[in-house]
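A.B. asks: Sending over a structure as structure tokens; questions will come in a sec.
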Amino acid sequence: MRHPRTTLLAVTAALLAALTAGGLPSAAAAPPAGPAPVGPRSLGVPLEDTLLIGGTAGTMADGHHVMWSASSGTPAVLNAVDPTTGAPLLSVPLTGASGAYGVEQAADGTVYAGTYGDGKLFRLAPGATSAEDLGVPIPGETYVWGIVVAPDGTVYGGTSPGGKVFSWNPQTRAFHDFGAMAAGETYVKSIAYADGKVYAGAYASWKITELDPATGAKRQLPAPPGMTDPTGRVVNDLRAYGHFLYAREGTFPGPLRVYDLATGAWTDTVDGAAGLDVTPPGPDGRVWFFRQYEAGSAELVGYDPQTHAVQRTGLMSYGRIVNTRGIGWAPVDADGYPGDSIVALGWRGLMFRYNPTTGQSSTVRTSVAGQPTQILALASGPKGQVYAGGFLQGGLATVSTADGSAQYQRFSQIESLLPTAQGLLIGAYPDARVYRYDPAQPWYSSEYSDEAPSGTENPVKLLDLHAHVQSRLQGLATTAGRIVTGSTPSGDTLGGTLSVLDARTGAVEKVLDNFVTDEGITSLTARNGVVYGTTTVAGGLSTTPTTQDRATVFAYDVATGRKLWEVNPSATAASINAITFDKRGRLWTVVDGDVLRLDPATGRTLHRLDTTAGSSGAAAAQLALGADGTTLYALVGGQHVVRVDTNSRKWRPLLDQPALRMVYNAGQLVFADDAELVSWKVG
């Protein structure tokens with residue numbers, strides 16, 4: 001566990017000076033009454049789970065067959081899992097990486113992992129017990145997505161945000177940048193290799209580029225028949241076996257399209273492919289993958305690319321997501337499994353085995369260790385309790401601020417949390433979903449269980465904005481008997497959605513798309529039937545071209561359904577991420593690293609507190625109200641906390657604590673510092 005990097009913030013003359021910004025009055029910084037903070041105190045790592053994304057079937061140096069799989073976390077870990085017992089025979093940290101979508105093994109036994117969080121390529125040599133960091137393949141590219149190894153040992157990989165393909169030559173140990181694959185496409189999400197050519201699949205639209213690495217020449221494969229609009233059709237998974245290219249469309253179950261490389265034609269479409277991969281062909285030429293026939297489950301099927309016949313097996317995978325990146329062939333040392341069997345690792349560590357000769361199938365729970373999960377959402381609960389939601393691995397933890405003890409529940413990636421009288425509201429990614437959890441009842445989520453459904457849903461889903469092309473549910477507020485939500489878009493689209501639900505029944509009343517023109521909604525607060533929100537000009541992808549040049553604060557009357565006002569408090573801020581009221585009805589936000597008081601009636605800036613002189617405002621900003629209702633704590637610049645007396649508008653630096661999220665609970669400020677919760681006593 002990392003120790004929090006904290007020091008008391010020195011009170012400097014520059015921060016104490018009374019500055020004026022934009023011609024508006026700036027309050028003098030003078031220490032308001034209040035005790036000195038005491039801390040930091042670690043509350044530990046509340047979220048920890050297994051998430052396996054990248055993987056492949058292979059061998060260890062001694063010839064033992066294993067499933068190689070990377071578990072996401074802080075840091076990511078490359079595991080070699082025994083296909084019979086499910087035990088990890090080797091676990092190697094990928095230092096600095098958060099996870100790996102691409103894991104492949106070369107013919108000489110070398111295992112490669114293309115990682116995210118650092119955008120690097122790692123190499124595990126045969127017999128080695130530590131991974132070699134080969135570095136960033138292309139400067140400026142922060143994600144390595146899929147990778148593939150050619151027969152000669154050359155590694156190819158796809159990246160973002162430049163939508164490029166690179167190679168790594170094991171003889172020269174040099175990277176080569178082949179440049180962007182398709183005009184306007186910023187992600188190479190998937191990659192395959194066949195007969196001297198590399199195939200790169202885009203993320204924001206259906207584009208598959210064929211690259212000749214010998215000459216650098218590129219050409220686009222034709223779209224499948226009937227696909228008149230490729231926009232939003234993600235080429236999520238690519239595999240090439242023999243002269244067939246398999247391309248799965250979409251993030252969740254979608255069509256698996258089959259392309260004959262010999263004839264240059266699309267030959268078939270198999271609906272409902274759950275992903276992520278298809279196996280190499282077996283002795284009879286069939287490939288195997290999971291296919292969804294009904295919501296909540298998927299079944300292993302065999303597919304013949306020549307006859308297009310599909311064979312069902314009865315081997316089921318359960319849950320909202322089927323993730324079998326590690327799927328292939330391996331011997332299983334058990335009765336009923338002669339020769340090689342199909343072996344697959346699910347995303348939560350459940351292993352599937354099926355023998356095509358006997359029809360025998362089984363599952364086994366692997367013992368791959370969970371990894372710490374970055375905290376993405378944080379909310380203050382009852383006295384002495386906070387709620388934490390996780391990134392990617394997801395999960396919800398109810399944490400005691402006294403000793404850090406936590407109750408963990410497996411769930412989606414969580415973007416926002418809001419305790420209410422009717423239960424805890426959860427904003428989930430993707431599809432900008434909203435759930436309501438009753439802490440007094442047992443937790444059960446069939447969507448995030450990998451076993452057959454067996455309980456009563458709690459939390460209950462209230463809203464799903466998949467059809468509205470929304471992704472992250474970052475804004476939650478309640479007022480006038482209504483739940484109001486704000487979201488940001490998915491893909492390369494622009495514009496967030498404001499939704500209104502009945503707080504008692506959860507029924508959806510209104511869904512207002514592109515509520516602020518081409519801006520996503522990042523936070524909400526409410527008072528007396530009016531909802532106030534902040535926005536970002538960014539689209540679903542970090543590289544989506546924007547049409548707006550400054551972020552917005554807005555007000556919306558829930559009863560009348562009327563937008564009251566929109567303002568741009570800064571000429572330069574592209575994102576505003578925090579807004580709240582004090583107990584006397586004064587509206588506060590953080591813009592460009594400064595704390596602003598706005599007029600709730602008009603949005604006009606009434607006061608600007610220059611709390612971080614020279615800040616770009618790009619780092620995390622959070623607001624938390626103290627127990628007295630007039631002391632406001634502001635996290636600015638991603639690490640500086642200031643205490644504001646909202647009556648006098650005087651402020652002072654309080655402490656330094658790197659964090660993404662911050663809440664106040666019963667005299668403590670609690671911070672999310674990566675995967676760790678850190679507490680400071682402030683009164």
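The values are calculated or read from the model by the stated rules, or taken from the named source; none is laboratory data. Because the structure is predicted, anything quoted here is derived from the model rather than measured. We place every Cβ from the backbone using ideal geometry, glycine too, and count neighbours over all the protein chains shown. When the accessible area is computed, the model is the full protein with side chains, heavy atoms only, and any ligands, DNA or RNA have been set aside. Shrake-Rupley method; radii C 1.70, N 1.55, O 1.52, S 1.80 Å.
A.B. asks: Among the strands (runs of 3 or more DSSP E) contained in the stretch 564-683, which hold 3 or more residues that are farther than 27 Å from S400 by Cβ and open to solvent by less than 30 Å² (accessible area, probe 1.4 Å)? Spell out how you get there, then give the answer.
C.D. replies: Numbers: elements: 579-581, 587-591, 594-598, 605-609, 622-625, 631-636, 640-645, 650-656, 661-665, 668-673, 676-681.
Fully inside the stretch 564-683 and qualifying: 587-591, 594-598, 605-609.
A.B. asks: Another question about this same structure. In the stretch 389-415, how many residues are in contact (Cβ under 8 Å) with a residue 60 or more places away in the chain and in contact with a helix residue (DSSP H, G or I) (Cβ under 6 Å, 6 or more places away or on another chain)?
C.D. replies: Residues meeting the conditions: 1.
A.B. asks: Run down R597, R584, R608 and say which single residue is out of contact with any strand residue (DSSP E or B) (no Cβ under 8 Å at 6 or more places or on another chain) and over 19 Å from K681 (Cβ atoms). Steps first, please.
C.D. replies: Working: R597 fails: out of contact with any strand residue (DSSP E or B) (no Cβ under 8 Å at 6 or more places or on another chain); R608 fails: out of contact with any strand residue (DSSP E or B) (no Cβ under 8 Å at 6 or more places or on another chain).
So the residue among R597, R584, R608 that is out of contact with any strand residue (DSSP E or B) (no Cβ under 8 Å at 6 or more places or on another chain) and over 19 Å from K681 (Cβ atoms) is R584.
A.B. asks: Shifting gears a bit: Only one residue in L462, L476 is among the hydrophobic types (A, V, I, L, M, F, W, C), outside any loop (DSSP other than H, G, I, E, B), crowded, with 24+ Cβ neighbours inside 10 Å and at negative phi, so which one is that? Step through it out loud before you land on a result.
C.D. replies: Working: L462 fails: crowded, with 24+ Cβ neighbours inside 10 Å.
Sole residue among the options that is among the hydrophobic types (A, V, I, L, M, F, W, C), outside any loop (DSSP other than H, G, I, E, B), crowded, with 24+ Cβ neighbours inside 10 Å and at negative phi: L476.
A.B. asks: Of all residues in the stretch 192-214, which are of a type in the set (D, E, K, R), open to solvent by 30 Å² or more (accessible area, probe 1.4 Å) and over 12 Å from N236 (Cα atoms)? Before the answer, list the steps.
C.D. replies: From the stretch 192-214, those of a type in the set (D, E, K, R) are 195, 197, 207, 210, 212; that's our starting set.
Adding the requirement that they be open to solvent by 30 Å² or more (accessible area, probe 1.4 Å) leaves 195, 197, 207, 212.
Of everything in the stretch 192-214, those that are of a type in the set (D, E, K, R), open to solvent by 30 Å² or more (accessible area, probe 1.4 Å) and over 12 Å from N236 (Cα atoms) turn out to be D195, K197, D212.
A.B. asks: Can you name the residue in the stretch 540-563 that is touching a Pro at 6+ places or on another chain (Cβ under 8 Å) and at pLDDT below 95 and is also most open to solvent (accessible area, probe 1.4 Å) among such residues?
C.D. replies: S542
A.B. asks: Given the structure, is A330 within 19 Å of the chain's Cα centre (by Cα) and crowded, with 17+ Cβ neighbours inside 10 Å? Full working, then the answer.
C.D. replies: Working: within 19 Å of the chain's Cα centre (by Cα): no; crowded, with 17+ Cβ neighbours inside 10 Å: yes.
Considered against the rule, which asks whether it is within 19 Å of the chain's Cα centre (by Cα) and crowded, with 17+ Cβ neighbours inside 10 Å, A330 comes out as no.
A.B. asks: Any residue at all in the stretch 494-501 that is closer than 30 Å to W206 by Cβ and open to solvent by 30 Å² or more (accessible area, probe 1.4 Å)?
C.D. replies: Yes.
A.B. asks: Does any residue of the stretch 189-204 turn out to be in contact (Cβ under 8 Å) with a residue 12 or more places away in the chain, of a type in the set (A, V, I, L, M, F, W, C) and touching a His at 6+ places or on another chain (Cβ under 8 Å)? Give the derivation first.
C.D. replies: Within the stretch 189-204, the first condition is being in contact (Cβ under 8 Å) with a residue 12 or more places away in the chain, and the residues that meet it are 189-204.
Okay, now just the ones that are also of a type in the set (A, V, I, L, M, F, W, C), so 191-192, 194, 198, 200, 202, 204.
Keeping just the survivors that are touching a His at 6+ places or on another chain (Cβ under 8 Å) gives 194.
Yes; the residues of the stretch 189-204 include at least one that is in contact (Cβ under 8 Å) with a residue 12 or more places away in the chain, of a type in the set (A, V, I, L, M, F, W, C) and touching a His at 6+ places or on another chain (Cβ under 8 Å).
A.B. asks: Consider the stretch 159-190. How many of its residues are farther than 15 Å from R219 by Cβ, open to solvent by less than 10 Å² (accessible area, probe 1.4 Å) and not small (G, A, S)?
C.D. replies: Taking the stretch 159-190 first, the residues farther than 15 Å from R219 by Cβ are 159-164, 166-177, 184, 186-190.
Among the residues that remain, those that are also open to solvent by less than 10 Å² (accessible area, probe 1.4 Å) are: 159-160, 163, 166, 168, 188, 190.
With the extra rule that they be not small (G, A, S), the set shrinks to 159, 166, 168, 188.
So the count comes out to 4.
A.B. asks: What is the residue count in the stretch 84-136 for residues that are within 27 Å of G394 (Cβ to Cβ), part of a loop (DSSP other than H, G, I, E, B) and acidic (D, E)?
C.D. replies: Counting residues in the stretch 84-136 that are within 27 Å of G394 (Cβ to Cβ), part of a loop (DSSP other than H, G, I, E, B) and acidic (D, E) gives 1.
A.B. asks: Output the residues belonging to the stretch 382-409 that are open to solvent by 20 Å² or more (accessible area, probe 1.4 Å), assigned to a loop (DSSP other than H, G, I, E, B) and more than 24 Å from T488 (Cα to Cα).
C.D. replies: Residues of the stretch 382-409 that are open to solvent by 20 Å² or more (accessible area, probe 1.4 Å), as a first pass: 382-385, 391-392, 398, 400, 402-403, 405-409.
If we keep only those that are assigned to a loop (DSSP other than H, G, I, E, B) too, we end up with 382-384, 391-392, 402-403, 405.
Scanning the stretch 382-409 gives P382, K383, G384, A402, D403, S405.
Results for (1) under 21 Å from A672 (Cα atoms); (2) without any contact (Cβ under 8 Å) to a residue 60 or more places away in the chain, shown as yes or no for each residue.
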residue	(1), (2)
T552	no, yes
R586	no, no
V590	yes, yes
G593	yes, yes
A620	yes, yes
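A.B. asks: Identify, from the list G491, G486, G481, the residue that is open to solvent by less than 30 Å² (accessible area, probe 1.4 Å) and either at pLDDT 95 or above or of a type in the set (S, T, N, Q) (or both). Walk me through it before giving the result.
C.D. replies: Values: G491 fails: either at pLDDT 95 or above or of a type in the set (S, T, N, Q) (or both); G481 fails: open to solvent by less than 30 Å² (accessible area, probe 1.4 Å).
Of the residues listed, the single one that is open to solvent by less than 30 Å² (accessible area, probe 1.4 Å) and either at pLDDT 95 or above or of a type in the set (S, T, N, Q) (or both) is G486.
A.B. asks: Let me ask something else. Being aromatic (F, W, Y) and surrounded by fewer than 17 Cβ atoms within 10 Å (Cβ to Cβ) narrows it down to one of Y241, Y246, so name that one.
C.D. replies: Working: Y246 fails: surrounded by fewer than 17 Cβ atoms within 10 Å (Cβ to Cβ).
Of Y241, Y246, the one residue that is aromatic (F, W, Y) and surrounded by fewer than 17 Cβ atoms within 10 Å (Cβ to Cβ) is Y241.
A.B. asks: Right, next: Could you please give the count of residues in the stretch 333-362 that are over 14 Å from G302 (Cβ atoms), buried (at least 19 other Cβ atoms within 10 Å of the Cβ) and among the hydroxyl-bearing types (S, T, Y)?
C.D. replies: The qualifying residues number 1.
A.B. asks: Given the residues P46, P75, which is the only one that is at pLDDT 95 or above, under 31 Å from the mean Cα position of the chain (by Cα) and either on the phi < 0 side of the Ramachandran plot or basic (K, R) (or both)?
C.D. replies: Just a single option satisfies the conditions, and that option is P46.
Listed here are the residues, each with its yes/no results for (1) touching a residue at least 40 places away in the same chain (Cβ under 8 Å); (2) in contact with an Asp or Glu (Cβ under 7 Å, 6 or more places away or on another chain); (3) within 23 Å of G486 (Cβ to Cβ); (4) of a type in the set (S, T, Y).
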| site | (1), (2), (3), (4) |
| --- | --- |
| L417 | yes, no, yes, no |
| T420 | yes, no, yes, yes |
| P430 | yes, no, yes, no |
| A440 | no, no, no, no |
| Y444 | no, yes, no, yes |
| N458 | no, yes, no, no |
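A.B. asks: Let me ask something else. Regarding the stretch 496-503, can at least one residue be identified that is touching a His at 6+ places or on another chain (Cβ under 9 Å), part of a loop (DSSP other than H, G, I, E, B) and not small (G, A, S)?
C.D. replies: Scanning the stretch 496-503, I find at least one residue that is touching a His at 6+ places or on another chain (Cβ under 9 Å), part of a loop (DSSP other than H, G, I, E, B) and not small (G, A, S), so the answer is yes.
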